[in-house]
Amino acid sequence: MKPLDDSSGFFMVFLPMLQIKNLSFGYAKTEVLNQLNFNVNTGENLAIIGESGSGKSTLLKLIYGEYDLEEGEILWKDTKILGPKFNLIIGYDFMKYVSQEFDLMPYTTVEENIGKFLSRFYPEEKKERTKALISVVELEAFAQTKVKHLSGGQKQRVAIARALAKEPEILLLDEPFSHIDNFKKQSLRRSVFNYLKGKNITCLVASHDKNDVLGFADQMIVLDNKKVVAKDTPKNLFNNPKSPLIASFFGEYSLIKNDIFYAHQLQITDHSDFKATVVSSYFNGQNWMIEANYNNQTIFIEHDKKIEKGLEIPFKIVS
Ligand code: ADP
Ligand code: MG
């Protein structure tokens, strides 16, 4: 048997395709991002999370080449991403970016907006492709509607479809479902993210909504205080949130003896050394979220019934 050598193509290595190296950036005098380092593999879905103002949009804009870096570099495969100082036209063919303020052509239809960048020399293909993209963002009923007559959420869906029209290698999405109503959100997330996976398109998704991340992201990074404070799978970060900030992204939590517990990890019981006083009960669909006071701290316990304010509840940790 012939031994395999490197030229056989058998030794597939996962080379990081997007590389962020020592990236620092600020607007005027205020530094926003300091010494960021991370990689993203081909076809991976990376979620970028962090509080409002933590620099998620800034990071996406830097990766797109909208600003010049102060320090560090960004590479997509062998291409170094350059900002406006070194690049006359912002952006690259292999990358698309859907900003929080999507800019569409208001006086033309959904179909025309999406098809705009497809070649008119192949009318059949153009028609097919536009139709497929309209169905990815579930806008079949609005194909012939002028964009100016659409709602914010519908416009957002047109912007996503348009970014996909030319099949980028990498897609940057800034809070892509923020304007879309809850009736549609989950099915649209599945449709868009499954489409990207199927085409092996790398995507970076800035979000502050756990539902954009859980079930879809392969990796997530957490931005805080100008730094990447965590990078791991959503499952690992959910199961082992290293800080209250990370826990708060996933749900209500309590700090007990310096440990973080989600509401479902605390349980009301008959007798316990832990006793809290009920402040309020909130119905959350499946259960009730009991807000209570424990040692002068607010804690949250999930429970199957509402509990009157002021009652003392013994509770235990069940995680
Ligand atoms: P996020 O998307 O996480 O909410 P941004 O990247 O939009 O955060 O903003 C990060 C910080 O940079 C904020 O403090 C914001 O006020 C500031 N900032 C954003 N855009 C600009 C700009 N064009 N000029 C000056 N400061 C800006
Ligand atoms: Mg933003």
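Of the residues L214, L223, only one is in contact (Cβ under 8 Å) with a residue 12 or more places away in the chain, under 30 Å from N194 (Cβ atoms) and in contact with a Ser or Thr (Cβ under 7 Å, 6 or more places away or on another chain); which?
The conditions single out L223.
May I ask you to verify whether K185 is in contact with a Phe, Trp or Tyr (Cβ under 9 Å, 6 or more places away or on another chain) and at pLDDT below 95?
yes
Looking at segment 251-303, which of its residues are among the small types (G, A, S), surrounded by 14 or more Cβ atoms within 10 Å (Cβ to Cβ) and either within 25 Å of N236 (Cβ to Cβ) or under 29 Å from the mean Cα position of the chain (by Cα) (or both)?
Residues satisfying the conditions are G251, S254, A263.
All but one of (1) free of Cβ contacts under 8 Å to residues at least 12 places away in the same chain; (2) farther than 18 Å from V40 by Cα hold for G198; which doesn't?
(2)
Mind counting the residues in segment 109-141 that are assigned to a loop (DSSP other than H, G, I, E, B), of a type outside the set (A, V, I, L, M) and closer than 17 Å to S151 by Cβ?
1
Of all residues in segment 174-188 being among the acidic types (D, E) and within 16 Å of ligand 1 (Cβ to nearest atom), which is surrounded by the most Cβ atoms within 10 Å (Cβ to Cβ)?
D174
Looking at segment 137-147, which of its residues are under 27 Å from the mean Cα position of the chain (by Cα), open to solvent by 30 Å² or more (accessible area, probe 1.4 Å) and in contact (Cβ under 8 Å) with a residue 40 or more places away in the chain?
Within segment 137-147, E138 is the sole residue that qualifies.
Do we have I74 as buried (at least 17 other Cβ atoms within 10 Å of the Cβ), in contact (Cβ under 8 Å) with a residue 12 or more places away in the chain and touching an Asp or Glu at 6+ places or on another chain (Cβ under 7 Å) here?
Numbers: buried (at least 17 other Cβ atoms within 10 Å of the Cβ): yes; in contact (Cβ under 8 Å) with a residue 12 or more places away in the chain: yes; touching an Asp or Glu at 6+ places or on another chain (Cβ under 7 Å): no.
Spelling it out, it is not the case that I74 is buried (at least 17 other Cβ atoms within 10 Å of the Cβ), in contact (Cβ under 8 Å) with a residue 12 or more places away in the chain and touching an Asp or Glu at 6+ places or on another chain (Cβ under 7 Å).
Look through segment 95-114, keep the residues that are farther than 18 Å from V205 by Cβ and surrounded by fewer than 17 Cβ atoms within 10 Å (Cβ to Cβ), and return whichever of them is nearest to ligand 1 (Cβ to nearest atom).
Within segment 95-114, the first condition is being farther than 18 Å from V205 by Cβ, and the residues that meet it are 103-114.
Those left that are additionally surrounded by fewer than 17 Cβ atoms within 10 Å (Cβ to Cβ): 103, 105-108, 112.
Working: D103: 16, M105: 24, P106: 24, Y107: 28, T108: 29, E112: 30 Å.
My answer is D103.
Are there any pairs, at least 6 apart or on different chains, whose C-beta atoms fall under 8 Å, with the first in segment 272-290 and in contact (Cβ under 8 Å) with a residue 40 or more places away in the chain and hydroxyl-bearing (S, T, Y) and the second surrounded by 12 or more Cβ atoms within 10 Å (Cβ to Cβ) and in a strand (DSSP E or B), and if so, which?
S272/P314; S272/F315; S272/K316
Would you kindly identify the strands (runs of 3 or more DSSP E) lying entirely within segment 8-89 that contain at least 1 residues that are more than 16 Å from ligand 2 (Cβ to nearest atom) and touching a Pro at 6+ places or on another chain (Cβ under 8 Å)?
Working: elements: 16-27, 30-41, 45-49, 71-76.
Ranges flagged: 30-41.
Report whether or not I268 is in contact with a strand residue (DSSP E or B) (Cβ under 6 Å, 6 or more places away or on another chain), closer than 19 Å to L172 by Cα, at pLDDT 95 or above and more than 16 Å from ligand 1 (Cβ to nearest atom).
No.
Just name the residue that is farthest from L164 (Cα to Cα) out of those in segment 60-94 that are of a type in the set (V, I, T) and within 16 Å of ligand 1 (Cβ to nearest atom).
Restricting attention to segment 60-94, the residues satisfying the condition of being of a type in the set (V, I, T) are 63, 74, 79, 81, 89-90.
Adding the requirement that they be within 16 Å of ligand 1 (Cβ to nearest atom) leaves 63, 74, 90.
On the way: I63: 18, I74: 22, I90: 18 Å.
Restricting to residues being of a type in the set (V, I, T) and within 16 Å of ligand 1 (Cβ to nearest atom), the top hit is I74.
The values are calculated or read from the model by the stated rules, or taken from the named source; none is laboratory data. Not measured: the values here are computed from a predicted model. Please note: Cβ atoms are built from the backbone with ideal geometry, for glycine as well, and neighbour counts cover all protein chains shown. SASA here: full protein model, heavy atoms, side chains in, ligands and nucleic acids out. Shrake-Rupley method; radii C 1.70, N 1.55, O 1.52, S 1.80 Å.
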